[in-house]
Amino acid sequence: MIERSSNSAQAILEGANYDAINAILDAVETVFLSIAVEHRLRGIETERWRWDQPEIVMSWFPVPRSTDVGKNIRIFVKMGGPTHFICAVESNAWFDEHEGDTIVRHWGNFAGSTVNITDPRSLAALESRLLKERIDRAYDQFSSSTEIAFTQAVRLFSNGHPELIEQDVHLVVE
């Protein structure tokens with residue numbers, strides 16, 4: 001998963017570069033929407049600046065709902081220095097199993113690669129192409145295979161306390 005080690009210096013840099021980061025998120029959202037159209041995804045949801053963090057996430061379930069496997073692509077933007085930005089790309093798939101009054105959430109994670117962006121307000125053609133390639137690769141990781149390896153699991157108790165559990169699951173999806 002993408003590591004988000006926030007500190008006050010990072011938050012100050014992000015705040016000072018809000019417009020530039022927002023321009024990157026705009027470019028990513030355009031790529032997300034093109035993927036949704038290309039693959040006929042329905043019921044997609046996008047979320048930006050999640051918990052005041054500079055990221056954008058596109059989530060979806062298959063429609064018609066042949067399985068209960070949710071999927072998402074997440075892009076996190078962080079400052080790579082005073083004048084450039086780093087976009088980290090990952091994709092996730094998950095499903096829930098109900099066991100009494102608890103839920104076991106299984107998920108798989110594909111930590112993709114990163115893209116360096118030097119000027120977000122006018123993304124260079126190479127940067128735009130690399131960003132789209134990384135997002136396409138993240139999409140393909142869980143959406144083009146018929147079997148997904150869910151390598152992590154957590155038991156969610158009704159009181160809100162989670163417990164990590166050791167349980168690998170391989171699920172065949174349509």
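When each of His39, His161 is scored by the number of other beta-carbon atoms lying within 10 Å, the sequence from fewest to most is His161, His39.
In vacuum, with every alpha carbon of the chain counted as one equal point scatterer, what does the Debye formula give for log10 I(q)/I(0) at q = 0.12, 0.14, 0.19 Å⁻¹? Two decimals, please. Taking Cα atoms of the chain as identical point scatterers yields -0.61, -0.81, -1.24. Per the Debye formula on identical point scatterers at the alpha carbon atoms of region 12-86, with no solvent, log10 I(q)/I(0) at q = 0.12 Å⁻¹ is -0.39. When Ile148, Ile35 are sorted by how many other C-beta atoms sit within 10 angstrom of their C-beta, beginning with the fewest, the order is Ile35, Ile148. Note on Met58, Met79: ascending count of other Cβ atoms within 10 Å places them as Met79, Met58, the fewest first. Only Cα pairs under 8 Å and 6+ residues apart enter the sum, and on that basis the relative contact order of region 80-174 stands at 29 percent. Helix 18-38 versus the longest principal axis of the chain: what is the Cα-based angle in degrees, 0 to 90, to the nearest 10? Approximately 50 degrees, to the nearest 10. Contact order for the chain, expressed relative to its length and based on alpha carbon pairs under 8 Å spaced 6+ residues apart, stands at 17 percent. Only one residue of Gly70, Trp94, Val28 has its Cα farthest out toward the positive end of the dipole of region 8-105, where Lys and Arg carry +1 and Asp and Glu -1 on Cβ, and that residue is Val28. From the largest down, region 52-150 spans 52, 28, 21 angstrom on the principal axes of its Cα atoms. The alpha-carbon atoms of region 80-127 define a convex hull whose volume equals 118 cubic angstrom per residue.
Ordering 92-101, 19-28 by mean Cβ neighbour count within 10 Å, with the highest value first, yields 19-28, 92-101. Dividing the Cα radius of gyration of region 104-174 by its Kirkwood radius returns 1.17 for Rg/Rh.
None of the figures in this text is laboratory data; all of them are computed from the coordinates on show. Predicted, not measured: the structure shown is a model, and the values here were computed from it. Glycine also receives a Cβ, built like all others from the backbone with ideal geometry; neighbour counts cover every protein chain displayed.
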